Structures are given as C-alpha cells and as structure tokens.
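The values are calculated or read from the model by the stated rules, or taken from the named source; none is laboratory data. Values in this document were obtained by computation on a predicted structure and should not be read as measured data. Heads up, the Cβs are rebuilt from the backbone with ideal geometry, glycines too, and the neighbour counts pull from every protein chain shown. Accessible surface is based on the protein model in full, side chains and every heavy atom, while ligands, DNA and RNA are left aside. Shrake-Rupley method; radii C 1.70, N 1.55, O 1.52, S 1.80 Å.
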Amino acid sequence: HLVVRDPSVSLVHAKVKKVKGKFILFDCASDGGVYLNGKRLLRPKALHDLDEIQVGKTSFSFRGR
C-alpha cells in the first residue's frame, strides 16, 4: 500500500497487480483518472521499467524487471 498526501487523489485511486509475471496498472474508477506516460489510462496496461504513473498532482516512476 502506498499513501499519497494529495487532496486530488481518491482513497483507492489505482492499483498495481502482478499477473502472469507482469505488473498491470489499474484505475480504480477514480474521479481524476490515472495517467501512464502522460496519457490517461482507459484500460489496464502492463508496466515497463521507468514508466511514469501520475495520480492527482503526484507522479511516480515504476521500477520493474
């Protein structure tokens, strides 16, 4: 779990789940949306090393193998 202190982020905004060896990013029906590499996430997508995830005004870099 990751807690983000950003008033524009929903209580459960997004999740990353490991499926068949890949990490998948999901938007949990958030009001503000989830952005992957600058594009709004419309459906779950696999993450790659150094992908940028944005929720509200907060950004993260995904580090995976």
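Observations, loosely collected:
- Were the residues from Ser59 through Asn37 laid out at 0.36 nm apart, the gain over their Cα-Cα distance would be 6.9 nm.
- Percent of Cα pairs exceeding the 13 Å cut-off, where the set is the chain: 60 percent
- The range 5-59, accessible surface, carbon-and-sulfur percent (1.4 angstrom probe): 53 percent
- The chain, relative contact order [Cα under 8 Å, separation at least 6], %: 28 percent
- Annotation: for a label point projected 7 angstrom from Cα along Cα→Cβ of His48, residues of the range 20-34 with backbone N closer than 15 Å are 22-25.
- Note on Val19: accessible area approximately 60 square angstrom, rounded to 10, probe 1.4 Å, nucleic acids and ligands left out.
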